[in-house]
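Colleague: Would you mind keeping the following structure in view while I ask a few things?
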Ligand SMILES: C[S@@+](CC[C@H](N)C(=O)[O-])C[C@H]1O[C@@H](n2cnc3c(N)ncnc32)[C@H](O)[C@@H]1O
């Protein structure tokens, strides 16, 4: 009898181990909610780039050069990188000499942003980082010439909701660059990663055209698209002209120590390293 109990106990432990491995290692906390995902990225922020080992040549070839080319008709394009992590996309793009625009990088893991600030210090005058959830982008509609979101949709609770936000803030004629998780582990991310055709079909439900899937890495396809509608405007604009309050969607004003919402009276502080901390926003007492 004792051996049966021990056997069941052992089986239970193995099952628990496998469940934990799936939830924490493969899914990186995505089924446990955004707070857990952010916590896990905060823990691994310092080691992140060592683990990823980006090749500067590949980063230029697959990201920096094609994105800069797609924006070459705009004198100073404005780009938003959602889930920017340690600043991989800003770095790849700002290194391109023809690109004379600005980049805003947004992420939910504060320590990833702290790493990003350090790793992109040479471009600080053309870069702003914002601590905020991708599901509620604090910008006006039709604002950016390009919106990018790499290797991140599958870690959000509802990738479709994030896509709605990415497309909302992209201006007509603007470039969307995102990724879809593929490969072996994608099958273990139900509801977060999608078969190639299904992801394309999902994008077709948005005001997007010229949708192109490009085989990229073992785990990710790159996906390019253009927002439909008559191209207009474009280019860099000052932050107070494009930032909106994530609490009430009112227009934000620059205050001495951050951004202030005159409608709901929330203050969003700017930290010492320059990161705008939307997540820490609270009403002024
Ligand atoms: C695999 S990393 C990719 C980082 C970067 N895009 C790159 O390609 O190196 C995923 C990033 O998504 C961020 N992330 C996950 N969920 C998020 C959310 N709901 N809002 C904003 N960022 C999120 C994580 O904090 C992490 O930095």
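Every number here is computed from the coordinates shown, using simple stated rules; none is lab data. All values derive from a computational prediction rather than experimental measurement. Backbone-built Cβ (ideal geometry, glycine too); neighbour counts: all protein chains shown.
Colleague: Quick one: order 187, 200 by neighbouring beta-carbon count within 10 Å, fewest to most.
Modeller: 187, 200
Colleague: Give the shape of the stretch 65-124 as rounded, prolate or oblate, defined through the alpha-carbon gyration tensor: a ≥ b ≥ c are the square roots of its eigenvalues, a/c under 1.5 means rounded, and otherwise the shape is prolate if a/b is larger than b/c and oblate if not.
Modeller: Verdict is prolate for the stretch 65-124.
Colleague: Ranked from highest to lowest mean number of other Cβ atoms within 10 Å per residue, what is the order of the peptides 144-150, 276-282?
Modeller: 144-150, 276-282
Colleague: Pull out a ≥ b ≥ c, the square roots of the eigenvalues of the alpha-carbon gyration tensor of the stretch 145-285, then state rounded if a/c is under 1.5, prolate if not and a/b is larger than b/c, and oblate in the remaining case.
Modeller: Because a/c hits 1.5 or more and a/b exceeds b/c, the stretch 145-285 counts as prolate.
Colleague: While we're on this one: Given contacts defined as C-alpha pairs under 8 Å and at least six residues apart, what's the relative contact order of the stretch 1-135, whole-number percent? Walk me through the numbers on the way to the answer.
Modeller: Details: 162 pairs, mean separation 28.2, N = 135.
Relative contact order, the stretch 1-135: 21 percent.
Colleague: Would you mind calculating the gained length between residue 197 and residue 160 on full extension (0.36 nm times residue separation, minus the Cα-Cα distance), in nm to one decimal?
Modeller: Net length gain for the segment: 11.8 nm.
Colleague: Binning every alpha carbon pair distance of the stretch 1-60 at 10 Å from zero, what are the percents per bin?
Modeller: That works out to 19, 29, 25, 16, 8, 2, 0, in percent per bin.
Colleague: In what sequence, highest mean first, do 260-266, 170-176, 13-19 appear when ranked by Cβ atoms within 10 angstrom?
Modeller: Packing proxy ranking, top to bottom: 170-176, 260-266, 13-19.
Colleague: Give me the percent of Cα-Cα pairs in the chain that sit more than 23 Å apart, rounded to a whole number.
Modeller: 56
Colleague: Then there's this: On alpha-carbon atoms, Rg over Rh for the stretch 117-193 using Kirkwood Rh?
Modeller: Details: Rg = 14.3 Å, Rh = 14.0 Å.
Looking at the stretch 117-193, the ratio lands at 1.02.
Colleague: Give me the extension gain from residue 72 to residue 24: residue separation times 0.36 nm, minus the current Cα-Cα distance, reported in nm with one decimal. Before the final figure, lay out the partial values.
Modeller: On the way: separation 48, 0.36 × 48 = 17.28 nm, distance 4.09 nm.
Extra length available between residue 72 and residue 24 comes to 13.2 nm.
Colleague: Please identify, among 188, 218, 112, the residue showing maximal mean-square fluctuation in a Gaussian network model of the chain using a 10 angstrom Cα cutoff.
Modeller: 218
Colleague: Please give the FRET efficiency for residue 121 paired with residue 32, using the beta carbon to beta carbon distance and R0 = 22 Å, rounded to the nearest 0.05.
Modeller: 0.10
Colleague: What is the fewest-to-most order of 226, 104 by other Cβ atoms lying within 10 Å of their Cβ?
Modeller: By the 10 Å Cβ count, ascending: 226, 104.
Colleague: Could you give the nm distance between label points at residue 214 and residue 239, where each point is 7 Å from its Cα heading toward the beta carbon?
Modeller: Taking the simple label geometry, residue 214 and residue 239 are separated by 3.1 nm.
Colleague: Could you order peptides 37-44, 1-8 by the average number of other Cβ atoms within 10 Å of their residues, highest first? Mind showing how you got there, number by number?
Modeller: Details: 37-44: 18.1, 1-8: 8.1.
Top to bottom by mean Cβ count within 10 Å: 37-44, 1-8.
Colleague: Among 26, 74, which comes first, second and so on when ranked by fewest other beta-carbon atoms within 10 Å?
Modeller: Ranking 26, 74 by Cβ neighbours within 10 Å, fewest first, gives 26, 74.
Colleague: Let me ask something else about it. On C-alpha positions alone, give me the angle between the axis of helix 159-169 and the longest principal axis of the chain, in degrees, nearest 10.
Modeller: 10
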